[in-house]
Each structure stands twice: as structure tokens, then as C-alpha cells.
Amino acid sequence: MPTVTVGTENGVPIEIHYTDHGSGRPIVLSHGFPLDGTSWEPQAIPLLEAGYRVVTYDRRGFGRSGRPTTGFDFDTFADDLAALLAHLDLRDATLVGHSMGTAEIGRYLRRHGTDRVRSLVMLSAFGPQLVASDDDPAGIPAEVFAGIQGLIRRDRFQYLENYLLQHYVAAQNLGWRISRAALRQNFRVAADAGAYATLHCVDSWQEDFRDDLRAIEVPLLVLHGTEDTNIPIVFGARRVPEFVPAAEVVEIEGGPHGIAVTHAEIVNPALLDFVGRPPATDPVGSAPGPAD
């Protein structure tokens with residue numbers, strides 16, 4: 001099982017599990033809460049078939065990565081990603097994030113720069129902040145996050161079941177855009193995640209991401225569902241251009257938070273088109289391609 005060691009806790013290595021397949025230009029996929037790298041299956045297969053090198057990984061505390069009780073903040077998540085990119089010596093990479101992964105790749109760029117990065121893609125973007133602040137009231141009241149942690153402490157499994165129903169807006173999409181079998185698989189992955197990680201990731205959601213967005217100097221594509229009830233589009237994707245004026249924003253009509261699954265027929269062509277474009281510094285008319 002391929003892993004990279006990113007630290008220790010009480011003398012025990014903290015390992016990040018990853019998969020690395022294909023060849024050509026690398027696409028690195030950073031998953032959302034409370035899932036793992038397998039959640040990118042609807043995108044990984046088309047990217048591999050298009051000739052890209054596809055890397056997925058499991059955030060600390062989730063999937064097959066280590067289960068520490070430290071490091072559940074975006075500085076650490078970004079540093080874990082940096083360790084993986086250095087371990088694989090990836091260059092000219094497109095970083096693709098979903099939900100928590102969008103904040104992770106943004107923080108990575110601010111902390112580690114663009115030497116290894118060609119472009120970014122954000123699905124269901126965190127935006128400049130999730131929690132409302134005194135100087136920027138757009139967002140979710142802080143007490144909501146305390147309530148979420150209370151639900152996780154009381155009955156983590158029931159919270160996760162309810163969360164996934166909201167994640168996909170199951171009342172509209174179950175049995176049509178997502179199957180019951182897929183929902184069961186998501187629950188299995190979520191329930192298997194570390195309890196401490198599930199609880200304390202909620203702390204990280206309350207960080208300020210405005211400076212992360214301001215630091216983005218590479219091409220950025222943002223895709224967001226108009227029916228996202230986890231991160232409403234009004235303070236997610238629609239606010240990104242305030243901080244990244246050149247960002248390309250695609251609104252997916254009727255899309256929930258889990259658009260990578262429910263609206264893959266829109267997400268995948270947009271993703272493939274974006275990653276296939278020439279670098280911003282290339283002269284107009286140069287030919288894009290997986291191995292550029």
C-alpha cells in the first residue's frame with residue numbers, strides 16, 4: 001500500500017495513503033468530508049482514459065491514511081499535500097479539490113507556492129470563509145458548527161447518515177442521480193473514518209480562507225451546484241471572483257454539494273476541457289494534450 005510519512009504521534013508514523021496511476025501530466029485529486037480518495041472514481045476513470053497521470057490520496061484520519069489525533073487544521077493538511085507532491089516529485093500539476101479539498105489546495109498554494117502547480121479546480125468551493133465574521137458577515141453562524149460537533153459526539157453514525165442525505169439532496173436525486181448502493185458505499189467509507197478526525201475537521205471549517213484565495217495566481221476553475229445546501233453558492237463559488245478576479249465559475253443548475261457524482265456529465269467535460277488547455281504562458285494556438 002503506497003504511503004508517504006508526514007510526521008509522528010507518540011513515536012508512531014503518520015502516513016498518508018495515495019494511489020498513482022497513468023502517465024502524462026499529473027492531476028491530483030483532494031477529496032471532501034467525510035469521504036476518501038475513492039470518491040473521485042467518476043473523474044479518475046475519464047482522466048486516465050484521456051491520458052493523464054491521476055493521483056488520489058486520503059486525508060489524515062480518513063480512508064486508508066493514519067488516524068492521528070493531531071493536525072486537523074488546513075496548514076497541516078496543506079503540508080501533508082506538499083509532502084505527497086514532493087515524494088512523487090510532481091511538476092506542472094493540476095490540483096483538483098472538492099469541498100474541504102478546495103480549502104486544502106488553496107492553502108497549499110499560499111504556503112508552498114506554484115513551483116509544482118499549473119492550475120487549480122474547485123468543486124463546491126469553501127469560498128472566502130464558511131463562518132460569518134464581524135468584518136465579513138456572509139457565512140454560517142458560528143453556533144451551527146458547535147451544533148454539528150454536538151451531533152457527532154452524540155451519535156456519529158446518525159450524523160453521517162443525515163449528512164450524506166443532505167450532501168446529495170437525496171429528496172431530489174436519490175434513485176435518479178445517485179443510487180442507494182452508492183449512498184451505502186459512501187456511508188461505509190464515512191463511518192470507517194476516524195472518530196477524532198470526523199469531529200475535529202469541523203474546527204478547520206471555521207478558518208479564514210480569504211488570504212488563500214488572494215494568493216492564487218494560476219488559472220482557476222470553480223464548479224458549484226445551485227442547490228448546494230452544505231455550502232450555499234451565494235457565499236461559496238459566487239464570492240470567489242471577489243478574491244480571484246480571473247476565476248472561471250460554472251454554476252450547475254440543480255446541483256447539490258456532491259456534484260462530482262450527481263452531475264458528472266457536466267463536471268467531467270468541464271474538467272477535461274480546463275486541464276487540456278495550454279498553460280497561460282503558452283502562445284495562442286499551441287496544442288494542448290495530456291503529456292504537455
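Every number in this text was worked out from the coordinates using simple rules, so none of it is lab data. Predicted model, so just to flag it, every value in this text is computed and none were measured. As a convention, Cβ positions derive from the backbone with ideal geometry for all residues, glycine included, and neighbour counts pool all protein chains shown.
Hey, in the GNM for the chain with a 10 angstrom Cα cutoff, which one of Pro137, Pro34, Pro232 fluctuates hardest? Looking only at Pro137, Pro34, Pro232, the largest GNM fluctuation is found for Pro137.
Calculate for the chain the 222 nm mean residue ellipticity that helices alone would give, adding -39,500 (n - 2.57) per DSSP H run of length 4 or more and normalising by residue count, nearest 500 deg cm²/dmol.
Working: 11 runs with 115 residues, N = 292.
It lands at -11500 deg cm²/dmol.
Taking neighbour counts of Cβ atoms within 10 Å as a proxy for exposure, in what order, fewest first, do Ile233, Ile45 appear? Mind showing how you got there, number by number?
On the way: Ile233 21, Ile45 12.
Taking fewest neighbouring Cβ atoms as first place, the list is Ile45, Ile233.
Ordering Val121, Leu199, Ile252 by Cα displacement along the dipole of the stretch 3-275 toward the positive end leaves Leu199 in first place; charges were set at the Cβ atoms of Lys, Arg (+1) and Asp, Glu (-1). A prolate overall shape is assigned to the stretch 18-80, the ratio a/c of its alpha-carbon gyration tensor axes (a ≥ b ≥ c) being 1.5 or greater and a/b exceeding b/c.
Where the only charges are on Cβ atoms (+1 Lys, Arg; -1 Asp, Glu), what is the dipole of the chain about its Cα centre, to the nearest 20 debye? Numbers along the way, then the final one.
On the way: 24 positive and 38 negative charges, 133 e Å.
I would put it at about 640 debye.
Taking every DSSP beta bridge that has both residues in the chain, what percent is antiparallel when rounded to the nearest 5?
If we restrict to bridges inside the chain, about 30 percent are antiparallel.
Shape call for the stretch 219-280 from the C-alpha gyration tensor, a ≥ b ≥ c root eigenvalues: rounded (a/c under 1.5), prolate (a/b greater than b/c) or oblate? Cα axes put the stretch 219-280 in the oblate bin.
A Gaussian network model of the chain, with springs between Cα atoms under 10 Å, assigns the largest mean-square fluctuation among Val96, Val249, Val12 to Val12.
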